[in-house]
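**Q** Below is a structure I'd like to ask you about.
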Amino acid sequence: AKYHACRFWYWVQFHLDEQLRSASQHAAARGVALMADLPVGVARNGAEPWARPELFRPDRVAGAPPDCFSPSGQNWRVPAY
């Protein structure tokens, strides 16, 4: 049962990856860059930036733009990538 569940989710992930890759290429061909979402974020000095520093922008931070709840936006102080 575990094997079949694992196979199913592998299949789902494979197709999601293909779809995202296609959408990303379509957007890039039109000068639009897509950025993935950080579900929680990572620590600036955490394992992820240490292991793969080329994926992160230490000179930038992630946050949220201004809106009616936070007129000045939000600085989450997590490194952008």
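**Q** Scan segment 10-20 and tell me whether some residue there is open to solvent by 100 Å² or more (accessible area, probe 1.4 Å) and at positive phi.
**A** For segment 10-20, residues open to solvent by 100 Å² or more (accessible area, probe 1.4 Å) and at positive phi: absent.
**Q** Quick one: which of Pro58, Pro49, Pro66 is modelled with pLDDT of 85 or more and open to solvent by 80 Å² or more (accessible area, probe 1.4 Å)?
**A** On inspection, the qualifying residue turns out to be Pro66.
**Q** Sticking with this one: Please determine, by comparing only the residues of segment 21-46 that are basic (Lys, Arg) and at pLDDT below 95, which one is least open to solvent (accessible area, probe 1.4 Å).
**A** Applying the filter and picking the extreme gives Arg44.
**Q** What are the pairs with Cβ atoms under 7 angstrom where one residue, in segment 43-64, is over 11 Å from Ala80 (Cβ atoms) and the other, located anywhere, is of a type in the set (S, T, N, Q) and open to solvent by 50 Å² or more (accessible area, probe 1.4 Å)? Sequence gap at least six, or different chains.
**A** Ala64/Gln74
The values are calculated or read from the model by the stated rules, or taken from the named source; none is laboratory data. In this text, all values refer to a predicted model and were calculated from it rather than measured experimentally. No Cβ is skipped: glycine too gets one built from the backbone with ideal geometry, and neighbour counts run over all protein chains shown. Ligands, DNA and RNA are excluded from the accessible area calculation, which covers all protein heavy atoms including side chains. Shrake-Rupley method; radii C 1.70, N 1.55, O 1.52, S 1.80 Å.
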